[in-house]
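Take a look at the structure set out below.
The values are calculated or read from the model by the stated rules, or taken from the named source; none is laboratory data. Fair warning: this is a prediction, and the values are worked out from it, not measured in the lab. Positions of Cβ are backbone-derived with ideal geometry, glycine not excepted, and every protein chain shown enters the neighbour counts. Only protein heavy atoms, including side chains, enter the accessible area calculation; ligands, DNA and RNA are left aside. Shrake-Rupley method; radii C 1.70, N 1.55, O 1.52, S 1.80 Å.
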Amino acid sequence: DPSSSSPTQTSVVQELPGFYYDAEKNRYFRLLPGHNNYNPLTKDSIQHKAMERKRLRLLEEEEKQIKKTTRPGLNSSVLLQKRQLGLLSSRSYCRLVHELKVNCMQRRKIEIHSPDSSVAGTNNFKIIVADVACERIFTVNDVEHGGCKYGIINLSGLGKESLTVEMYDNLYFTNRKVNSVCWASLTHPDSHVKLCLMGIAETPGCASLLPASLFSSTNPGDRPGMLCSFKISTAWSCAWCLNPQADNCFSTGLTRRVLVTNVVTGHRQIFGISSDVLAQQFARQTPMLYNGCRSGEIFSIDVRQRSRKGHSWKAIRLFHGSAITSIHLMEAEHYLMAADMAGKIKLWDLRTTKCVKQYKGHHNEYAILPLHVNEEEGLLTAVGQDCYTRIWSLQDAHLLRTIPSPHPSSKDAIPSVVFSSRLGGSRGVPGLLMAVKQDLYHFSY
């Protein structure tokens, strides 16, 4: 790993095919084939060792509170002085203040109070998704013997002093994998949770819409327990529509199909396509659904039209060179952010269908990883397959911070994060929530 060795070493040390140079011992060792399990010197193990050294070094720097500002000469007193002298607009000042805050975030562990002791501290977090108000997070945990447990954590206990959160008392278990999840606003904002389960063996996949109150026995509220559940082939993605012209509708991105369902009437529209839909989002201002595909194509559908085959109903078409893993439509709906399996993150202008910015440093090879955009703070956050959480400036695509995972990186330990200026609701605390392995952390902001 060139990043782990110093520039002087890389210029002096010559790479020999089939050999590995150990900088500590200052000598070469022969690399043996990777399938020889007894051999500790395989390319993968060397790479992993170098990555682990880098992670521990970064964690040590964070613990010693070595603050590295990503822009030379950027500190709070300089900013304030420039603002007072009228050299910075209020918008630029706010943006740079947010950058400073990102660089000063410190990690603290959150205590999870759960009525079910089998959840707290035993099962690995797979997904956390916050509701719009950031008062609750829906959590999906991998269970050791296979399957998933899912439930809701109330964040209202997050305060400046206290770092405790409460798990709702009803948790659900499924022997199938939860492929995608989103909050749904049916009776009131984020009243329900939309869940897509993968089929296994003879059991088909299914998409379910569950009232959030189902997870709390103290708040029966919206019954029946399951508003709708239907059998589907593998669902890769889902989205809820908040545009009144397609009221009470949700979409599921399937294998070579897009399915739009009206929850109240049961009316379904099927759009046949030539690829799997791995990411979806509805626009708010128009009844448009944006889809990101395994083929690298991004296209939009006006859901008012009738289902048709072919490309004629595709309104906007953009193309990446690799499978799309996440899309995010910006608030004004003129721009769309997209990430792919080659680790590229691009900002597209939907009016010109041109890429206007690229955010570099993200790492991905095959995982479906989300993007988190906070326009108010001017920040973009993404967790890579290398388990690093990276935060960029939205405005100029500058990488502001790279946060190492508190746990050694592995396929089953990719952190899931939520960033908000009000975790726990309007009186909550700002910061980054990180769920990794069995732990939940708060990075103060």
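The figures follow:
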| read-out | value |
| --- | --- |
| Residue match in segment 429-440 (condition: in contact (Cβ under 8 Å) with a residue 40 or more places away in the chain and in contact with a Cys (Cβ under 7 Å, 6 or more places away or on another chain)) | no |
| Some residue of segment 321-338 being among the polar types (S, T, N, Q), farther than 19 Å from E365 by Cα and not in a strand (DSSP E or B) | no |
| Selection within segment 122-157 - more than 26 Å from S426 (Cβ to Cβ) and out of contact with any strand residue (DSSP E or B) (no Cβ under 7 Å at 6 or more places or on another chain) | T122, E144, H145, G146 |
| Residue in segment 204-227 that is assigned to a loop (DSSP other than H, G, I, E, B) and touching a Gly at 6+ places or on another chain (Cβ under 9 Å) present | no |
| Qualifying residue in segment 382-403 (condition: of a type in the set (G, A, S), within 25 Å of N154 (Cα to Cα) and part of a strand (DSSP E or B)) | yes |
| Yes/no for Q245 being polar (S, T, N, Q), open to solvent by 60 Å² or more (accessible area, probe 1.4 Å) and in contact with a Pro (Cβ under 8 Å, 6 or more places away or on another chain) | yes |
| Count of segment 6-52 residues which are more than 28 Å from P404 (Cβ to Cβ) and modelled with pLDDT of 70 or more | 8 |
| Some residue of segment 359-369 being part of a strand (DSSP E or B), in contact (Cβ under 8 Å) with a residue 24 or more places away in the chain and under 20 Å from S295 (Cα atoms) | no |
